Amino acid sequence: MENIISQPIDWLGSAQTAMISVVIVAIWGGFGNYMILFLSGLTGIDKSVYESAEIDGANGPTMFFKITLPMLGPVLKVVVMLAITTAFKDYQSILVLTNGGPNNRTHVMFSYIYQMVFGTSASGAQLQIGYGSVLSIIAAIIIGVITVIYLNFSKKMDEIY
């Protein structure tokens, strides 16, 4: 297993791999929390429901889609809500890992707004507080639209399950 790669991979310094690295860090950071929620939801499902389904002739996939998934509906709603809010507030890890670089490839909406309003000591650019404020208002509108979509999704999940 020698010489699998010819040179080290610059995960955070390469434009091709920087955003992938940031996404992997974000997924890994939330994975444990979401798994604890799902496991607690799974322990809340009574085993007699599965036994009844097995007696009625249900197989594994049928039990998953007809029993497990519907009974995990409330937990799934919480996990989706937490994932959405974490995705919006996870700009801090981008600022720590790459500061938006290389070549601004890892900037997300909020890290860009932060840089416009507060700047960084490394950037010699002049602060653009007015532009950052307008971007913040647009971000609030986008979050409002996503909130309405999530609430509709949540209502439909309540009706289905």
To one decimal place, what orientation-averaged projected area in nm² is obtained for the convex hull of the Cα set of region 8-161? 12.6 nm²
Under 16 Å from the Cα of Lys77 - aspartates and glutamates, other chains or at least 8 residues apart: Asp158, Glu159
Rounded to the nearest 500, what is the 222 nm mean residue ellipticity of the chain from helices alone, with -39500 (n - 2.57) per DSSP H run of 4+ residues and division by all residues? -21000 deg cm²/dmol
Compute the projected area of the convex hull of the Cα atoms of region 54-142, averaged over all viewing directions, and report it in nm² to one decimal place. 8.7 nm²
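Bear in mind that the values in this text are calculations on the coordinates, not laboratory data. Keep in mind that this is a model prediction, so the values were computed, not measured.
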